[in-house]
Amino acid sequence: MIGFRARLGFLLPPGNPTVEPEMMALAPPGVSLHFHRLHAEGVTGSLDGQEERNRQMVASLDGSAQVLAMVKPDVMVLAHTSTSYTLGQAAEAALVARIEAASGRRMITAFGAVLAALAALGLRRIALATPYSPATTAMGRAHLEAHGIRVVRAINLPGVTNIYDETPERAYRLARMADTPEAEAIFLSGVGMPTIAILQAAEEDLGKPVISAAGAMFWHALRCAGVAAPIAGHGRLLRL
């Protein structure tokens, strides 16, 4: 990999306008980023039909991963959290194993990165905050609890029509809404909701870790690629 310490590959849902600029802004010198879109029909980012689009993206993963693998990334990331909720624990693990075997590249998911982040920070008791429907939020809670994480509160942001229309200000509001004394940390699910810009301020205001799916997947991808550079200004996870 001439000129680069590491290459990170991201498999994105169609229509997500957030991930590329957020990840590019975080990238340390010597780390190259590569993106490929999954396939799904319908209004991307809409809460209506989200489950069906998740399944369509899963169906397109094998082909998309083979294309992305051509740039020889050190790690490939499924940059879509709710897909893991749709799959469930066993099917998510099987999908990762299948993609790794077929592509010859390391594969992680945004949700798996969140689990790694919680473990690194020693957190087991969280509040879950999402821009999803109540039904998808409930699936997220169940998926976390299946992995041994205690979810002391789970809320979804009111008034969401399309996740990709949300703003950092609304993400900050969601973190504040989710907070409860019982929670050791706040987990902001939803890679399509812009969160990176508000992590530091939310942590300072709430006095506890605020972990987003986007921040966790970038941190974990770097570590899986052997890059340990801390990134300041975006919360304590990215400083590890």
Seminar exercise, completed: Counting only residues that are among the β-branched types (Val, Ile, Thr) and either surrounded by fewer than 16 Cβ atoms within 10 Å (Cβ to Cβ) or on the phi > 0 side of the Ramachandran plot (or both), region 15-60 contains a total of 1
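May I ask you to list the residues in region 1-23 that are in contact (Cβ under 8 Å) with a residue 60 or more places away in the chain and assigned to a helix (DSSP H, G or I)? Let's see the steps before the verdict.
Taking region 1-23 first, the residues in contact (Cβ under 8 Å) with a residue 60 or more places away in the chain are 1, 5-13, 15-19, 22-23.
Across region 1-23, the qualifying residues are 19, 22, 23.
Is at least one residue of region 120-135 within 24 Å of residue 170 (Cα to Cα), in contact with a Leu (Cβ under 8 Å, 6 or more places away or on another chain) and of a type in the set (Val, Ile, Thr)?
Taking region 120-135 first, the residues within 24 Å of residue 170 (Cα to Cα) are 125-135.
Right, trim to in contact with a Leu (Cβ under 8 Å, 6 or more places away or on another chain) and you get 126, 128-133.
After this cut, where a residue has to be of a type in the set (Val, Ile, Thr) as well, the list is 126, 130.
Yes, because at least one residue in region 120-135 is within 24 Å of residue 170 (Cα to Cα), in contact with a Leu (Cβ under 8 Å, 6 or more places away or on another chain) and of a type in the set (Val, Ile, Thr).
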Seminar exercise, completed: Taking region 24-52 and keeping only residues that are in a helix (DSSP H, G or I) and polar (S, T, N, Q), one is left with 50
Exercise. Which of the residues belonging to region 200-240 are in a loop (DSSP other than H, G, I, E, B) and not aliphatic (A, V, I, L, M)?
Worked result: 207, 208, 209, 226, 230, 233, 234, 235
For this session: Filter region 61-84 down to the residues that are under 22 Å from residue 160 (Cβ atoms) and of a type in the set (Gly, Ala, Ser), then identify the one that is surrounded by the fewest Cβ atoms within 10 Å (Cβ to Cβ).
Result: 84
Problem set entry | Members of region 53-82 found to be in contact (Cβ under 8 Å) with a residue 60 or more places away in the chain and part of a helix (DSSP H, G or I), listed by number | 69, 71, 81, 82
For this session: Select from region 171-199 the residues that are within 17 Å of the chain's Cα centre (by Cα) and part of a helix (DSSP H, G or I) and write down the one among them that is surrounded by the fewest Cβ atoms within 10 Å (Cβ to Cβ).
Result: 197
Problem set entry | Top-ranked residue of region 18-76 - restricted to ones that are within 25 Å of residue 197 (Cβ to Cβ) and of a type in the set (Val, Ile, Thr), ranked as nearest to the chain's Cα centre (by Cα) | 19
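Any read-out appearing in this document is the output of simple, stated calculations on the displayed coordinates, not a laboratory observation. This is a predicted model, so every value here is computed, not measured. Cβ sites come from the backbone with ideal geometry, for glycine too, and all protein chains shown count toward neighbours.
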